[in-house]
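The values are calculated or read from the model by the stated rules, or taken from the named source; none is laboratory data. This one's a predicted model, so the numbers in the text were calculated from it and none came from an experiment. Here the Cβ positions follow ideal geometry from the backbone for every residue, glycine too, while neighbour counts run over all protein chains shown. Side chains included, ligands, DNA and RNA excluded: accessible areas come from the protein's heavy atoms. Shrake-Rupley method; radii C 1.70, N 1.55, O 1.52, S 1.80 Å.
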Amino acid sequence: MNTRSFAIFSGLGLSLFLSCLSGPHASPTTQATAANGQAASTEPRASLHQFVSSKNSRVLFQQASDIPMIDLAIEIDAGNRWDPQGLEGLASLTAQLAKAGVRSSANRPALGETEMGEAWADLAVEQSVGTSRDQVSMRFRFLSDPKVRDAAIALIARVLAEPAMADSVFERQRATSIAGLKESLSRPQTLATRALWQAMYQGHPYGALVTEASLQATSRDHLVAFHGFYWRPERMSIAIVGDIGLGDAKRLVESTQALLQSGISEKDQTLAALTGFRSSLGPAPQGGPSGSTINVDHPASQAHIWMGLPVLARHELDDYFALTLANHVLGGGGFVSRLTKEIREKRGMAYSVFSAVQPLAQTGPFFLGLQTQREQASQAVKVVNETLANFIAQGPSEEELVAAKKNLIGGFALRLDSNRKLIDNLAAINFYRLPANYLDTWTDRIDMVSREDVQNVLNQRLAGRGMVTVIVAGQPGS
């Protein structure tokens, strides 16, 4: 259902949280200036350009001429949160089939799945597609040579506007998805994350679960209708990094979208109404005053424990930086975090324990997770809750805060040291409508966070709110 690492079919795994604690990462050349009183720059770097296409897609372009390559990211507001009730998995299936062949149109011949693969290979284009709760993410990498570039863009334009959605490919992909789902439901981590998301987001699409029944109910016609309703240029954001000038970058975007139609056709509107497509969503739940515990029986040798609650949307930057530092001290900083000291070092209950924040377009969750022996699962949950409560009440020490800032700021060079990493950062900035100077001010914003700021965000976002707890394990002695 998904080919990208940041969103797996059944939920979110540990690898996600360890890789997205800080979101888009700051430039290693940006120095924190709060200490000497200098103000953060309010302008993006000179080489970063922001513009809007003729079909109303937001674009960020960063010229990078070190290698003769172009990285192109296309984010589409057509993620799993837009799946109609009873058709969960539709967004992912649509994205998978979009690149599996194009239909004939005008003087353009149809290309089947094999022919598409050969076309990508002939041009040496690296391409991938993945679906998360918020968006479809498409990535393309190709040579900047004009002949290769133009041919690649022509093919990408057809993928966006003319997917074949062949019956045979659809049937095979749906069967593969069902088989993958069945296999994943045998894994305790899958059961834990599915139960957690469903409990945290009751009544909201973030908590909807893909099931065998929802996949079986999905037809090729649903995919065609979903594509027509959601895969529109005004719902797309584009990021480009590579060996190309601004003028050519603008022409590249226009060529990419040349075959797309803005707005919704009457036919698509009719199909959307019949299928239950939505043009807007209600707010994500904020969580109640008390949490709940869900026990799931599984013959695993260890108990898999996940805890969480909705806390923060991606655009809420004032609290984002303080919460990022708080999370780093609590459980996002690896072996130096408080949770590691309490769970691993003092009590030997688990090899690793973590916390993470995943801001989304709507209110995203804060997580805690660990694995421990089944017999001590209840005790481990108690220690985690006590550690969290103490941290909310007291906040980090000054020493902890300074160390967290140093760690986060010092680590950015490794997270922004290639065009591929940069394109992912720009894609996230663009999709979530963050400021264009976000990368240039990130370290300044982190450095200016005070203990009071952290304490305030802990009180406002976490205090008095119970975590949903999921424990997947067999009965002791079973």
Task: trypsin sites (Lys or Arg not before Pro) within the stretch 402-476, DSSP loop, no more than 12 other Cβ atoms inside 10 Å - done: R433
TODO: Please report, in debye to the nearest 20, how large the charge dipole of the stretch 391-478 is about its Cα centre when each Lys and Arg carries +1 at its beta carbon and each Asp and Glu carries -1 there.
DONE: 360
Task: the stretch 285-393 - percent of accessible surface contributed by carbon and sulfur, probe 1.4 Å - done: 48
Open item on the list: Suppose a student asked you for the relative contact order of the stretch 259-381, using Cα pairs under 8 Å spaced at least 6 residues apart; what percent would you report?
Closed with: 29
- [ ] Taking a cut-off of 19 Å between Cα atoms, list the lysines near K382, but don't count ones fewer than 8 places away on the same chain.
- [x] K341, K346
Open item on the list: Please compute the contact order of the stretch 322-478 in relative form: average sequence separation of alpha-carbon pairs under 8 Å and at least six residues apart, divided by the residue count, as a percent.
Closed with: 27
Task: Contact order normalised by residue count of the chain, Cα under 8 Å, 6+ apart, percent - done: 25
Task: Under 13 Å, Cβ to Cβ, from L97 - net charge with Lys/Arg +1 and Asp/Glu -1 - done: 0
Task: Reachable lysines from K99, criterion Cα separation under 26 angstrom, eight or more residues apart if same chain - done: K55, K147, K182, K250, K267, K421
Task: Positive-end residue of M138, V210, N327, charge dipole of the chain with Cβ unit charges - done: V210
Open item on the list: Nearest 10 degrees is fine. How inclined is helix 451-461 to the longest principal axis of the chain, computing both from alpha carbons?
Closed with: 70
TODO: Measure out, as a whole number of angstrom, how far apart the alpha-carbon centroids of the stretch 270-339 and the stretch 368-435 sit.
DONE: 13
Task: Nearest 10 degrees, 0 to 90: helix 146-161 Cα axis against the chain principal axis - done: 80
Open item on the list: Placing unit charges on C-beta atoms (Lys and Arg positive, Asp and Glu negative, everything else neutral), compute the dipole magnitude of the chain about its Cα centre in debye, rounded to 20.
Closed with: 480
Task: Mean accessible surface per residue for the stretch 180-248, computed with a 1.4 Å probe while every protein chain stays in place, in Å² - done: 33
TODO: Lys and Arg at +1, Asp and Glu at -1: add these up for the other residues within a Cβ distance under 15 Å of G308 and post the number.
DONE: +4
Task: Given charges at Cβ of Lys, Arg, Asp, Glu: the chain dipole, positive-most of A78, V148, A303 - done: A303
Task: Alpha-carbon centroids, the stretch 229-258 and the stretch 449-468: separation in whole Å - done: 40
Task: Cα-centred dipole magnitude for the stretch 121-195, charges only on beta-carbon of K, R (+1) and D, E (-1), debye, nearest 20 - done: 340
Open item on the list: Could you derive backbone 3J(HN,Hα) for the stretch 431-446 from the dihedral phi with the Karplus parameters 6.51, -1.76 and 1.60 (θ = phi - 60°), listing whole Hz in sequence and x where the residue is Gly or Pro?
Closed with: 5, 8, 6, 7, x, 5, 8, 4, 5, 6, 10, 4, 5, 4, 5, 5
